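Everything below concerns the one structure shown next.
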Amino acid sequence: MSTHERKRPRDVNQLAKYIVDMSTGEIPKEEMPLEREKNPAAVALGRLGASKGGKARAQKLSDAARSEIARKAAEARWKKAS
């Protein structure tokens with residue numbers, strides 16, 4: 001594994017030490033884990049499915065079912081406000 005693919009420790013104590021070492025500069029920037037680049041094709045597929053999901057679900061639900069879902073959502077919002 002190259003230094004750019006270094007993973008963070010899973011153990012809580014080791015992770016805490018790792019974070020302290022990173023913040024104090026004891027771990028050189030070259031050794032810090034890099035963010036992975038997202039696959040553009042996967043991102044496009046995710047967006048495509050997300051744009052269809054809500055509309056497809058709404059078409060499958062009856063008017064009464066959609067009304068019930070909306071009523072429960074409104075109750076939940078009002079419950080949070082008080």
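The values are calculated or read from the model by the stated rules, or taken from the named source; none is laboratory data. Since the structure is predicted, the reported quantities are computational estimates derived from the model, not experimental observations. Neighbour counts are summed over all protein chains in view; Cβ atoms, including those assigned to glycine, are modelled from backbone coordinates with ideal geometry. For accessibility, only protein heavy atoms count, side chains too; no ligands or nucleic acids. Shrake-Rupley method; radii C 1.70, N 1.55, O 1.52, S 1.80 Å.
So that you can scan it fast, the table gives a plain yes or no per residue for (1) modelled with pLDDT under 85; (2) surrounded by 10 or more Cβ atoms within 10 Å (Cβ to Cβ):
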{"residue": "S2", "(1), (2)": "yes, no"}
{"residue": "A16", "(1), (2)": "no, yes"}
{"residue": "A42", "(1), (2)": "no, no"}
{"residue": "R66", "(1), (2)": "no, yes"}
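Test K60 against the stated conditions and say whether it is charged (D, E, K, R), loosely packed, with under 10 Cβ neighbours inside 10 Å and at pLDDT below 85. Steps first, answer last, please.
Numbers: charged (D, E, K, R): yes; loosely packed, with under 10 Cβ neighbours inside 10 Å: yes; at pLDDT below 85: no.
Here the answer is no, as K60 does not meet what is asked.
Considering only residues that are modelled with pLDDT under 85 and either in contact with a Lys or Arg (Cβ under 8 Å, 6 or more places away or on another chain) or open to solvent by less than 100 Å² (accessible area, probe 1.4 Å) (or both), which ones fall in segment 22-40?
Result: M22, G25, I27, P28, E31, M32, P33.
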